[in-house]
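Worksheet: one structure, shown below.
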2 protein chains.
Amino acid sequence: MRSTMQDAPMSIGDLVRYGSTVHGGEAVTTWTGAEPRRVSFRDTGRRAARLAHALRGLGVDADQRVATFQWNNQEHLEAYLAVPAMGAVLHTLNIRLPADQIAYIAGHAEDHVVIVDASLLPLFAPLLPSLSTVRHVIVAGGDPGGLAAEGVEVHRYDALLDGQPDTFDWPEVDERDAAAMCYTSGTTGDPKGVVYSHRSIWLHSMQVMTTDGMGMTQGDRCLAVVPMFHAMSWGLPYAAFMAGAPLIMPDRFLQPAPLAEMIETLRPSFAAAVPTIWQGLLQELDANPRDVSSLHRVVIGGSACPPSLMRAFEERHGITVLHAWGMTETSPLGSVAHAPAGSTGDDAWSHRISQGRLPVSVRGRIVGPDGKVAPNDGETVGELQVRGPWVAQAYYRDADPERFDNGWLRTGDVGTLSPDGYLRLTDRAKDVIKSGGEWISSVALENNVMAHPAVAEAAVVAVPDAKWAERPLVAVVLKEGATVEPAELRAFLADTMARWQIPEHWAFVEEVPKTSVGKFDKKRIRGAHADGSLKAVTVHD
Amino acid sequence: MRSTMQDAPMSIGDLVRYGSTVHGGEAVTTWTGAEPRRVSFRDTGRRAARLAHALRGLGVDADQRVATFQWNNQEHLEAYLAVPAMGAVLHTLNIRLPADQIAYIAGHAEDHVVIVDASLLPLFAPLLPSLSTVRHVIVAGGDPGGLAAEGVEVHRYDALLDGQPDTFDWPEVDERDAAAMCYTSGTTGDPKGVVYSHRSIWLHSMQVMTTDGMGMTQGDRCLAVVPMFHAMSWGLPYAAFMAGAPLIMPDRFLQPAPLAEMIETLRPSFAAAVPTIWQGLLQELDANPRDVSSLHRVVIGGSACPPSLMRAFEERHGITVLHAWGMTETSPLGSVAHAPAGSTGDDAWSHRISQGRLPVSVRGRIVGPDGKVAPNDGETVGELQVRGPWVAQAYYRDADPERFDNGWLRTGDVGTLSPDGYLRLTDRAKDVIKSGGEWISSVALENNVMAHPAVAEAAVVAVPDAKWAERPLVAVVLKEGATVEPAELRAFLADTMARWQIPEHWAFVEEVPKTSVGKFDKKRIRGAHADGSLKAVTVHD
């Protein structure tokens, strides 16, 4: 029996229409370092209509891809709205990736048009000749200068919009059709494209507005620090248009000092960014105090947030920190760490520093090393798998069966789920040591080794083992002048870890190799061990 | 281009699974007049599984209809969860309808099973022989006594659940399939069935949790006064299971005194009911003060809420009143009257007494007397039409083209929509007077006539007119001892109304006929005019 409910699709066109009329009086403010640019949601809707007409004029039709190479600003938001609403597909290019990866990604997605910020031309111009499918480049916020390439037309954003109609008859869409795409650069192999639908973006925006999501509300002044080329800026631009929350866009001013000035000047009530940004802001505020009292709550996600950082913001600045977990493949909102109702003190805190509680639309399960679904008992460790209407089931033109398990996304994150739905991550699946059918958390081992007074840093990787499949190897950096033997470190670990978890392979190194964002580069450590350049000693009791 | 998002359906089975695990520690409390009954969400989920097994045992399969004839209580909630989750269709029978209408409705829906509260058996037993499709009656909360009918098996609810398994493998469903149905008794013709889908209930529950909906949050102690047989108790039972909001169920104790006692004892933070209930509660609290300080906000809807009532709750009891609009055909949440962010004083108040702002999922438009879409300018009056994923597109086995306009629901409500999305209703479409291609609001006319010092009550209906199609007729009740001539009333109206809006037909009556809920019974007034029993004088200038 069918319901008698309407088959009304959820579409970005409706979202744009709603935000630019009902919430037309709200505004987008783009920071410029000096006088901010302010455009109402109403005028943003009009400019999105003009952009859509301009893109049609360039031949953008059906599901053609329109890429962006932009900071978080007014024009990028216009592309966010116009491109999916007109039925085309928005593709946000990550300006931080190496040139060859950007070229690969743009080619894989078959981008037809790229909208580029003028301030990014020095980065973009050398790339352009390698973007083989691109026929049009639109330069926003400045002069294209000498930008040129064979078979490519270069346009000025404002000139292209000039004289276009202020309204666009946004077409009806199938809600499961593509609206936007974002590539995630895996640790191995080529980057993978996640393709969001009108449906997934709409539902995700509702979730940002629910009390167990981010609770975004009308009038929240929302500072979107997280880049619009990174997991759709965590869905904030679309949700803000739905909720009627004024948007504050930092453009390229993401360093701690301008960020602090921007917060003092534009007075956001709500902001979202990765821990590194908040860490930098905290140090800046300590050095150069500013009035940041407008900020009531900030969402921190993207990687695990140190509890000390959360405490510092709350105790020193009265700002509530919401820890959240997600990934490009989950749109990205997976879980938000609200304390359970009625909990206080340490109990509340232990929940708030977890990755948070999965909402009803993100079903989670823990799959153990044996491939079996483990109980959600808060203790059994395994890989987190998720399922739901804004979770990916495949990559674009790449089914990647390694990543998808019968309708569930393998997140690659390892941890536990409690009976009341809280997620606590302990490691990445690729870093965990699979020893004799059990898992050893590399992160837990590192923390325990680093607790020894002689140790400055310790990184743990898995090395092959004939008997146990894998065993842990610890790369140790000693504090200046300190000495310690593996046997002593092993004895030290016996206090906190099970006997079979204690590593026998130890390497003493000058420094631990790190990635560009400062994380331990475990791939390089594994490589150095494999090619013999990292020497380890093996010690048994 | 298809998205790569999962095709994960939104289903009541997932909602039940989520609420009874992640929020398993929350509880449903049913008032009994004495010691309340308390059952955790976890056990409620288990009992729902048992009920599903029991219903399968009675032959309930596929999309068969399981009806309820129950108060708001634990067992009714179990049916809300079990029946749709198992893939069958829940049909809530309105216990307040006349017997012949209930028989019609149960037959039209082809109800196979009815679950009945024992306390309602005196009402139900005489009905049973007329329920031709019903094969099983399950009596909850007491003894079936001598209940019997030809071809009907009678069961005890608890006995039927005894020994059934605590889990049920809720089947995958198509999210657009029927989950529940509710009949609305129109003013003319037979009652009409609205069939909700898994999708519409899920989305509606999310909306109850959004900041521009009811903002229901985990730990909100939610008192569902609005009956579960009336527009799904405004979606509160499902939303509470999704949000983890403890539910407080009043059972049959809906009179002001027990309601006040229940609030003092069970301390809800949130409640929802029609104005009549709140009016009664307010009078009760004035007469017999109680501690109702746990209530932070209440939602009032179902019919327009007098601003004086809203003010009284806020000023005398510190309870924020949220005015809301909706109907059975809109699941029912249409709009909620939050004040715009930043507004204060009279400005905020003028928005809060409106019907509220339509959310993104409920598109609205105003259609004028000429059948054309009017601007949303807050001034142009017309019939409200709505569209969205939880709005009906037809009735069950009744396309009713009168009610549905090319994908839009004709609400039958007349008013304006402001540019910022606020709905202000002025009349019902059936009561408005269509005079010469323009509309005259019967409610505005009544209020203006009642402002005259000699008038106690005034009801306005349309009467046929050869030249203007319709003209208003005013039935006036004078205050004791007062006299006034139609000419004087017409002169009095000239201050507030346009000349062509001033009525020429006047009837002086002893009292205005009223419906069972105390509203003017305009059908009877029109009938009395048509059959000549209501005498009117006609006065021109």
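The values are calculated or read from the model by the stated rules, or taken from the named source; none is laboratory data. All values reported here derive from a predicted model rather than from experimental measurement. All Cβ positions, even for glycine, are placed from backbone atoms using ideal geometry, and neighbour counts span all protein chains on display. What goes into the accessible areas is simple: the full protein's heavy atoms, side chains included, and nothing from ligands, DNA or RNA. Shrake-Rupley method; radii C 1.70, N 1.55, O 1.52, S 1.80 Å.
Tabulated values for the structure
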item	result
Beta bridges by DSSP in chain A, antiparallel share as percent, to the nearest 5	55 percent
Lysine pairs in chain A with Cα atoms under 12 Å, if 8 or more residues apart or on separate chains	5
Approximate shape of region A:12-197 as ellipsoid semi-axes (Cα gyration tensor, √5λ), whole Å, largest first	25, 20, 16
Student exercise, the protein assembly as shown dipole from Lys, Arg, Asp, Glu Cβ charges, in Debye to nearest 20	180 debye
Descending semi-axes in Å of region A:433-538, equivalent ellipsoid built from Cα gyration tensor	19, 18, 13
Region A:380-504: radius of gyration and largest Cα-Cα distance (Dmax), Å	17.6, 55
Sequence-distant residues sharing a close amide H with A:Gly356 (under 5 Å, placed H)	A:Leu423
DSSP-loop trypsin sites (Lys or Arg not before Pro) across region B:418-507, with at most 13 other Cβ within 10 angstrom	B:Lys467, B:Lys479
Along principal axes, Cα extents of region A:361-428, largest first, whole Å	37, 26, 18
Spin-label pair B:Arg156/A:Glu261, simplified geometry with 7 Å Cα→Cβ offset, distance in nm	7.9 nm
In order through region B:126-134: 3J(HN,Hα) via Karplus (6.51 cos²θ - 1.76 cosθ + 1.60), integer Hz, x for Gly, Pro	x, 6, 3, x, 8, 8, 5, 9, 7
Contact order relative to length of chain B, as percent, for alpha carbon pairs under 8 angstrom and 6 or more apart	9 percent
Inter-chain Cβ neighbour average for residues A:387-393, partner chain, 10 Å	5
Amide N of region A:35-64 lying under 20 Å from the label point, which is placed 7 angstrom from the Cα of A:Ser132 along Cα→Cβ	A:64
Accessible surface, 1.4 Å probe, highest first, among residues B:Glu150, A:Glu75, A:Glu485	B:Glu150, A:Glu485, A:Glu75
Contact order relative to length of region A:425-499, as percent, for alpha carbon pairs under 8 angstrom and 6 or more apart	27 percent
Alpha-carbon centroid distance for the pair region A:479-520 / region A:337-379, whole angstrom	30 Å
Amide H within-cut-off set for A:Leu478, under 5 Å, with H built and near neighbours excluded	A:Ala456, A:Val509
Distant-in-sequence amide H partners of B:Asp427 (H built 1.01 Å from N, under 5 Å)	B:Val414
Cα pair distances in region B:1-112, grouped into 5 Å bins until the bin that holds the longest one, percent each	2, 11, 18, 18, 17, 14, 10, 5, 3, 1, 0, 0, 0
For chain B, convex hull volume per residue from C-alpha positions, Å³	180 Å³
Neighbour cut-off at most 16 other Cβ (10 Å), DSSP loop, trypsin sites (Lys or Arg not before Pro), region B:501-541	B:Lys519, B:Lys535
Average projected area [Cα convex hull, region B:268-402], square nanometres	10.5 nm²
Most positive-pole-ward Cα, A:Ala399, A:Val476, B:Pro486, against dipole of the protein assembly as shown from beta carbon charges	A:Ala399
Kirkwood-Stokes translational diffusion coefficient of region B:39-93, alpha-carbon pairs, 10 °C, 1.306 mPa s, µm²/s	143 µm²/s
Average beta-carbon neighbours from other chains, 10 Å sphere, peptide A:356-362	5
FRET efficiency for B:Asn406 and A:Ala498, using Cβ-Cβ distance with R0 set to 45 Å, rounded to 0.05	0.10
Percent of C-alpha pairs per 20 Å bin, the protein assembly as shown, short to long	11, 38, 34, 14, 3, 0
Net charge of neighbours whose Cβ lies under 15 Å from the Cβ of A:Ala140, counting Lys and Arg as +1 and Asp and Glu as -1	-2
Of the trypsin sites (Lys or Arg not before Pro) in region A:6-106, those whose Cβ has at most 15 other Cβ within 10 Å and which sit in DSSP loop	A:Arg96
3J(HN,Hα) from dihedral phi, region A:156-166, Karplus parametrisation 6.51/-1.76/1.60, rounded to Hz, x for glycine, proline	9, 3, 5, 5, 5, 7, 3, x, 6, x, 7
